[in-house]
Amino acid sequence: MRKQSTWLWVIAAVLAFFLFGDEILGLIGAVVGLVISIGVTGLLLVAIALGAFALVVAIGGSIAVAVAVAAVALVAVLFSWLWPYLLLLGILYLLVRKRPKAV
């Protein structure tokens, strides 16, 4: 009985792959692409912050100033990466907020 149940699952999986193969592979590709893009973006953010830190230390600044410059660089890069989403959220807020009534 156990062997027959396994064959039914295999047949169901093959049938599902034939019917929904493009969608399944597209979903897997989208997930892998998202993971890679976030990973590459994260590495780029860290590289920019490290570059700013190294530049300040090489010029002769203190470690505290270098950390501050790296933090500012990281915030600037994060803002440049997130500004389209912030703009979209601002527009949505303006559309759904309760408008004050004129007196």
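The values are calculated or read from the model by the stated rules, or taken from the named source; none is laboratory data. Not measured: the values here are computed from a predicted model. Ideal geometry is used to build each Cβ from the backbone, glycine not excepted, and the neighbour counts take in all protein chains shown.
If you filter the range 79-101 down to residues that are exposed (fewer than 10 other Cβ atoms within 10 Å of the Cβ) and aromatic (Phe, Trp, Tyr), you find that the one that is nearest to SER37 (Cα to Cα) is TYR85. When every residue of the range 57-78 is checked against the conditions, at least one turns out to be surrounded by fewer than 10 Cβ atoms within 10 Å (Cβ to Cβ), in a loop (DSSP other than H, G, I, E, B) and out of contact with any Phe, Trp or Tyr (no Cβ under 8 Å at 6 or more places or on another chain).
Matching residues to (1) loosely packed, with under 11 Cβ neighbours inside 10 Å; (2) of a type in the set (S, T, N, Q); (3) within 24 Å of TRP81 (Cα to Cα):
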residue: PHE20; (1), (2), (3): no, no, no
residue: VAL31; (1), (2), (3): yes, no, yes
residue: VAL35; (1), (2), (3): yes, no, yes
residue: THR41; (1), (2), (3): no, yes, yes
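Does at least one position in the range 45-60 carry a residue that is β-branched (Val, Ile, Thr) and either at pLDDT below 85 or touching a His at 6+ places or on another chain (Cβ under 6 Å) (or both)? Before you say what the answer is, go through the steps one by one.
Start the filter on the range 45-60 by keeping residues that are β-branched (Val, Ile, Thr), which leaves 46, 48, 56-57, 59.
Retained after the next criterion (residues that are either at pLDDT below 85 or touching a His at 6+ places or on another chain (Cβ under 6 Å) (or both)): 46, 48.
There is at least one residue in the range 45-60 that is β-branched (Val, Ile, Thr) and either at pLDDT below 85 or touching a His at 6+ places or on another chain (Cβ under 6 Å) (or both).
Condition first: in contact with a helix residue (DSSP H, G or I) (Cβ under 8 Å, 6 or more places away or on another chain) and not in a helix (DSSP H, G or I). Can you find one or more residues in the range 23-39 that meet it? Checked the range 23-39: no residue is in contact with a helix residue (DSSP H, G or I) (Cβ under 8 Å, 6 or more places away or on another chain) and not in a helix (DSSP H, G or I).
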